[in-house]
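Encoded as structure tokens, the structure appears first; notes follow it.
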Amino acid sequence: MENRDRHGILMRGLGRWVVYSRPRAWLGMMVEIPGLLRGVDLPRGAICLDIATGLGWASAGIERRDPTARIVSLDFDRTILPRTREYRKAHGEASPAVCQADAKRLPFHSGAFDLVVCLYGLHHVCGYAEALREIARVLKSSGFFAMIDPVRKSGTPPGGHHGTEVLTREELDRMLRETGFEVLKSRLSLGRVQTVTRKAGSAVIAS
């Protein structure tokens, strides 16, 4: 079961336990983040934002990739953030930056981040396009936005499990273009899409 309000849909029950488990976090940190960010060239000391951070494994994975990166872990569900802080400390971050906020109203200046990631979170925010516009706003002109999210098959009814907003791949690609992103690489696997973008008109990703 999940809990919904105008800000988003929060996980509950068994699904929450699985998503926030240590084995799931290990897989994400060691496999998913390295694969997603392969070829993404970030500056030393990059300022990064991890939206819908959950336990914080994406943040830990970014830090493992580049110990100089400065990462803000953000989630709308304030109840998970103490565990996020503990997880990041356990993976070497002495004073992790943790923030509670709605992805549709990010409390940051425009052009603040070199990298924004959102892994398995956008379909929960109850406003996919609004969240993408906010991500575009806080991203530097040279920055990257990387995401993983479930997609539904073309021709199937709109929506998703418990009222989540699951797009088709075609709908997602179109929405990214309409909110100011250029898709640099994208891969569909097991009903989820892994995508790296930049703001439209930015330089092309290194191979």
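The values are calculated or read from the model by the stated rules, or taken from the named source; none is laboratory data. Just so you know, these numbers come straight off a predicted model, no measurement behind them. Here Cβ is always computed from backbone atoms with ideal geometry, including for glycine, and neighbour counts include all displayed protein chains.
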Any chance region 138-150 includes a residue that's on the phi < 0 side of the Ramachandran plot, at pLDDT below 95 and of a type in the set (Asp, Glu)?
no
The lone condition Phe145 fails out of (1) out of contact with any Phe, Trp or Tyr (no Cβ under 9 Å at 6 or more places or on another chain); (2) without any contact (Cβ under 8 Å) to a residue 60 or more places away in the chain; (3) closer than 17 Å to Leu176 by Cβ is (1)
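Among the helices (runs of 4 or more DSSP H) lying completely within region 4-88, list those that include at least 3 residues that are at pLDDT below 95 and either small (Gly, Ala, Ser) or out of contact with any Gly (no Cβ under 7 Å at 6 or more places or on another chain) (or both). So that I can check it myself, show each step before the final result.
On the way: elements: 13-19, 22-27, 33-36, 57-65.
Here the list reads 13-19, 22-27.
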Evaluate region 107-115: report whether one residue or more is in contact with a helix residue (DSSP H, G or I) (Cβ under 6 Å, 6 or more places away or on another chain), under 23 Å from Lys185 (Cα atoms) and assigned to a helix (DSSP H, G or I).
no
Filter region 118-153 down to residues that are charged (D, E, K, R) and within 13 Å of the chain's Cα centre (by Cα) and give me whichever is nearest to Leu27 (Cα to Cα).
Asp149
Does Ala90 qualify as being closer than 19 Å to Met30 by Cβ, hydrophobic (A, V, I, L, M, F, W, C) and over 14 Å from the mean Cα position of the chain (by Cα)?
yes
Across region 174-203, which residue is nearest to Leu122 (Cα to Cα) among those that are out of contact with any Leu (no Cβ under 6 Å at 6 or more places or on another chain) and assigned to a loop (DSSP other than H, G, I, E, B)?
Gly191
